[in-house]
Each structure stands twice: as structure tokens, then as C-alpha cells.
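*Asks:* Pasting a structure below so you can have a look.
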Number of protein chains: 2
Amino acid sequence: MRKDVHTDGIPVLCVSCEARHKGVCGALEPEQLVALAKTSHKHHAESGSELLGDAEKIDTYANVLSGVVKLTKTLSDGRQQIVGLQFAPDFLGRPFKTESELNAEAATEVSLCSFPKASIERMMQASPELERRLYKQALKELDDAREWMVTLGRKTAAEKIASFLLMIARHIDPSAAPDRNSASFDLPLTRADIADFLGLTIETVSRQLTRLRADKVITIENNRHILVPDLARLEARAGN
Amino acid sequence: MRKDVHTDGIPVLCVSCEARHKGVCGALEPEQLVALAKTSHKHHAESGSELLGDAEKIDTYANVLSGVVKLTKTLSDGRQQIVGLQFAPDFLGRPFKTESELNAEAATEVSLCSFPKASIERMMQASPELERRLYKQALKELDDAREWMVTLGRKTAAEKIASFLLMIARHIDPSAAPDRNSASFDLPLTRADIADFLGLTIETVSRQLTRLRADKVITIENNRHILVPDLARLEARAGN
DNA sequence: CGGCCGGTTGAACGATATCAAACACCGTGG
DNA sequence: CCACGGTGTTTGATATCGTTCAACCGGCCG
């Protein structure tokens, strides 16, 4: 456990930053944080803007401070698949590769704190603790990816939608803690994104959502806001 | 680069081990190798035997020395999905977790070199180089998983089969190097396994294989041995 | 021999895709 | 103010791909 009581020596940029607590920056000593903060800067990206292109040279990494970033892969004929979603305070980047194999795009309005690739890599050499955090995040992403492989390969459209809603609820709704059994949140993705995430078409996504609504498992307001009165009922439809 | 010319001080167990070169053990100094070798042992597992059960306590890690290990996840009603394949000299294990979230099963006859979880973890503390290798393998597995998500979510049955054959060819057939344009290999998986890997049924797998054979893209001998006279033609069917 | 296992093949069905139309919302410009 | 076009979403009719159910084949082993 690190002492976070004092803010002495913590860069202003970082004082109220979530990444300093739960993110990778939590691995750094105050003086390292100062060094890193010198070369980093916060910035916003509006929904839909591309953060990183496929086959593009990677020169910066970033922390997601708010919003949702989608990682996508596209086949030559245009078929697309979302292969990862990153929420705050996830680390965005692929160490040890100079070129990206995927696209990163802001799914919502996003705020980022980005730093030069070289800074992170230098700091990784110096701080095993940082490397370990990054390693752990990679393992978590791998666990998530494998979980989704089951969803993509073996679940029905209805189960996919239920699984997706559950995943979002867990990530976004603070009240969806283990004990609470209801949830309420805004979908960070359009129907098209959801389709790309689940390997479905937008029509199927729409139909399954209306079906869940008709069955009173969820309520939908303004197309984006979802209310789940009973998470257990939703889970029962996720097919795990 | 490590000097591998002398075998002085290299444990007998490790002298001719592939993992010492391309695997994680390559990160270790001779004396560390000696220490690790003391607590490790090689053993075989026959095809179909379970190496690690879901929700089982993890107490050993291992290197795959030969053969293929499949990582699977199963839904409560029995639907199964293969979420990873491990070839020599891959490292088998999930650091930082005490309980497995998946099943590991020998897909072929397999030989392993396994060590106590604690040994590896101690050594990881001592050797950043080892941790880095493990980190890199995790990133590679993540890349692979994401590649398969595209296959699972967006490709047709025919494309899935072609992609699968290509992946196996690249892993198994030594002659399938970039320059060579033909390949020949034994499938390490049964039709049922292939189906679980691709999110299909065995009937569909069988039909698509016969179709590829009918179209003269592949030749099949003894149900298991595959010959690909022209890898480019197979690639054209993988839909990337 | 008989039974089992892995694989192939056929026929019918059904879930999801595809094609098409309409709707709701929203900002723009007349 | 309303008409307009654009975007995201819903809904309906039809088509298609992959599943399901069933039969059969060949090799292997008891």
C-alpha cells in the first residue's frame, strides 16, 4: 500500500487523477511521477474521433481518465469487430510493439492523459512495480478477451445482449455493486457499436433489446439510458 | 543476447530444452536455472487428460515442451469454447491468480516441464528479465485472442476453417516459412475440438473441410493429415 | 463378431442476416 | 413557424447460413 495522505511533491496534474490511485501511475514514487508529468498532458477527444490507426506508428501511450475507448479490427471488406473496451483508468497502449495492429476510437467523449512512448519505457526499466502493473492489466485484458470469445462463439443473440448489458452495468453503474440488485446507466455505445462488439447486426441488437424491454427485464429511455430493475433476471438470460 | 555456447552449469534437465532458448527459461542466468531445475520435473500427459480444472487451485506452472494444450471455457449447459491453444515452448499458467478460470487439457500427447508456483514467483521478483518474458507472452496471447475474436464474430464458417488451417500451418509446419508456399501437417485437434475452437458444430467443420478438399485447396489423408499445395489460395479464403 | 468412436453426408429447420420501409429526434435554413 | 435532410433506431418480410436430427461409414478393440 502506498501512502496517499500527503500531496507534497505530487504534480498538480496528478493530484486528483484517478490513474494515480487505481491506474498504472499508482506504481510510481512521487519523484517518478514528477518526471513523467513533465512529458505528459491531458486532452479531450470527442466521440467518434480516431485515437490510433491500424498499422500506424505508436509514439504515445495514454491513460483513459473518463469515457470509453473502443479497440477495433476491420477486415478488408469492411466487416468490423470490437476487440476491447477501455474504461477509466485503463492504460491504453501496446508495449514492445512499434506499430499498432488495431484501431482505437473514442466511443464517447473521452479525456486522456498521454505520455511519450519513450518516457514509459524508460520508467518501466527503472520501476519493476510499474511493469508489474502493466503486466497485470494485460492479464486482465486477456481474461476479458477470453470471456468474450465464449460469448462470441457460443452464445445466442439474446444471451450476447444480456451479457453485454451486464458487463456495462458492472463497469459504469457505481450502484451495481455486488449487493445492489438493480442498475441504471447510459449505454456508452451506439447500436452499431454494440453490433460490432457482439458479432451481430444492428437490427438483431435492436430486436433483442426490444424483446428484453417487452419482457420487462429492462426499461429503455431515450434509446440510451437503461434501467435494470432486477440484475438477477438479466443474469439468468446471459447463459453462463 | 545470452551466451548459449557453453553448457557449463546448465542443469542436465535443461541442456536440450527448447524453453531455454525461445521460452521463458531463456531469461534466467545459469545459477537461477539450477535453482529452478531443482524444483521442476518433466512429465507426459496423454491426449485428452485434464491438466488444470476450472476453479481449481493453481499450485504449479509449466512449460509446454511438445504437443498442444487447449484452454477451454464451458457454460453451465455444456456449450464449450476453446479460448487458447498453447504450443511449445509456451508458458502455461496465470500469474497473480490463485484459482483457474478455465480448463487446460492436453489436445495431443503432451510433454511438460512443471515447477511450483512459488518458485516462479520468487524468481520473478529476482529477475525482471523473467517477468518481462512472461509479460511479452501475455501480450502475444492477447494479440492472438483479439485476432480470434474477429474470426469468431465476423467470419463465415468457410473463412473460419481457412483461418484455422493457416494458423495451425504456421505453428506446426516448419516448412511453412514465409517463402515456402505449400504446407503439410497433422491436425492436432479432432473435428470436435476444431468446432469448439471456431464456434461451430462438428458437422459444419466436416462439411467445410470436404468443400476445401473438393475445391482442391487442400488434400486430406487419414482424416488428420493436411496438405496445402498453395498457401496463397488458402489465405484467399480466410477473408482477412 | 459386435460395439464404439470419430468422421461424413443428407434433409429439414430455425436463428440471424439481409433488404426495405418507416419512425424519432435534431439542428438548419427558409 | 414549419419544411428539410441527416443520423440513429425500430419494425417487417424474406433469404440464407449454419444447426439439428438422423443415418451411415470405416477403423479399432475387446
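*Asks:* Using a 7 Å offset from Cα along the direction of the beta-carbon, what are the separations from A:S127 to the same position in each other copy, nm, ascending?
*Replies:* Label-point distances to the other copies, shortest first: 2.6 nm.
*Asks:* Okay, helix-only estimate at 222 nm for chain B: each DSSP H run of n ≥ 4 adds -39500 (n - 2.57), divide by all residues, round to 500 deg cm²/dmol; what do you get? If you can, show how the numbers build up before the last one.
*Replies:* On the way: 8 runs with 94 residues, N = 240.
Value at 222 nm, helices only, nearest 500: -12000 deg cm²/dmol.
*Asks:* When you count, for each residue, the other Cβ atoms within 10 Å and take the mean per peptide, how do B:12-25, B:82-95, A:217-230, B:126-139 rank with the highest first? The partial results should precede the final answer.
*Replies:* Working: B:12-25: 17.0, B:82-95: 21.0, A:217-230: 14.9, B:126-139: 18.6.
Taking the mean over residues of other Cβ atoms within 10 Å, the ranking is B:82-95, B:126-139, B:12-25, A:217-230.
*Asks:* On to the next question. Sorted from shortest, what are the nm distances separating the label point of A:T156 from equivalent points in the other copies, each placed 7 Å from Cα along Cα to C-beta?
*Replies:* 2.6
*Asks:* Taking B:K42 in one copy and the same position in all the others, each labelled 7 Å out along Cα→Cβ, what are the pairwise distances from the first, in nm, shortest first?
*Replies:* Going from nearest to farthest copy, the values are 5.7 nm.
*Asks:* Taking a probe of 1.4 Å and counting only protein heavy atoms, give the total accessible area buried between chains B and A in Å², rounded to the nearest 100.
*Replies:* Interface area, both chains combined: 4400 Å², rounded to the nearest 100.
*Asks:* If you count, for every residue in B:199-207, the Cβ atoms of partner chains within 10 Å of its Cβ, what is the mean? Intermediate values should be presented prior to the final figure.
*Replies:* Working: counts 8, 1, 0, 0, 0, 0, 0, 0, 0.
What the average comes to for B:199-207 is 1.
*Asks:* In addition: What order do you get for A:98-111, B:203-216, A:160-173 when each peptide is scored by the mean count of other beta carbon atoms within 10 Å, highest first?
*Replies:* Values: A:98-111: 18.4, B:203-216: 15.5, A:160-173: 20.8.
Those peptides, ordered most packed to least, come out A:160-173, A:98-111, B:203-216.
*Asks:* Same structure, new question: Tell me, Kirkwood radius of chain A from alpha-carbon pair distances, in Å?
*Replies:* 19.2
*Asks:* Moving to a separate point now. First measure r as the distance between the Cβ atoms of A:N181 and B:E18, then evaluate 1/(1 + (r/R0)^6) with R0 = 56 Å and state the FRET efficiency to the nearest 0.05. It would help to have the intermediate numbers written out before the result.
*Replies:* Numbers: r = 51 Å, r/R0 = 0.92.
Efficiency, from the Cβ-Cβ distance: 0.65.
*Asks:* Between 0 and 90 degrees, rounded to the nearest ten: what's the tilt of helix A:202-214 against the longest Cα principal axis of chain A?
*Replies:* The angle comes out near 70 degrees.
*Asks:* Can you tell me the orientation of helix A:117-126 relative to chain A, as the angle in degrees between its alpha-carbon axis and the longest Cα principal axis, to the nearest 10?
*Replies:* On a 0 to 90 degree scale, this one is about 70.
*Asks:* Using Stokes-Einstein with the Kirkwood hydrodynamic radius over Cα pairs, what translational diffusion coefficient do you get for segment B:12-150 at 37 °C and a viscosity of 0.692 mPa s, in µm²/s rounded to a whole number?
*Replies:* Working: Rh = 15.5 Å.
Estimated diffusion coefficient is 212 µm²/s.
*Asks:* Give the separation of the Cα centroids, segment A:115-141 to segment A:45-73, in Å.
*Replies:* 18
*Asks:* What FRET efficiency would be calculated for the residue pair B:I202, A:E29, taking the C-beta separation as r and a Förster radius of 41 Å, to the nearest 0.05? Numbers along the way, then the final one.
*Replies:* Working: r = 56 Å, r/R0 = 1.36.
The computed FRET efficiency comes out at 0.15.
*Asks:* Averaged over peptide B:63-76, how many Cβ atoms belonging to another chain are found within 10 Å of each residue's Cβ?
*Replies:* Values: counts 0, 0, 0, 0, 0, 0, 0, 0, 1, 2, 8, 2, 8, 2.
The per-residue average across the peptide is 2.
*Asks:* Against the longest alpha carbon principal axis of chain B, how many degrees, from 0 to 90 and to the nearest 10, is the axis of helix B:30-39 turned?
*Replies:* Around 80 degrees separate the two axes.
*Asks:* Across bins of 10 angstrom width beginning at 0, how are the C-alpha pair distances of the protein assembly as shown distributed, in whole percent?
*Replies:* 4, 17, 27, 27, 18, 6, 1, 0
*Asks:* Further question on the same structure: Where the centroid of each part is defined by its Cα atoms, how far is segment A:175-239 from segment B:151-191 in Å?
*Replies:* Here the answer is 37 Å between Cα centres.
The values are calculated or read from the model by the stated rules, or taken from the named source; none is laboratory data. On a predicted model such as this, the values are computed, not experimentally measured, just so you know. Cβ sites come from the backbone with ideal geometry, for glycine too, and all protein chains shown count toward neighbours. We work out accessible area using only protein heavy atoms, side chains counted, and drop any ligands, DNA or RNA first. Shrake-Rupley method; radii C 1.70, N 1.55, O 1.52, S 1.80 Å.
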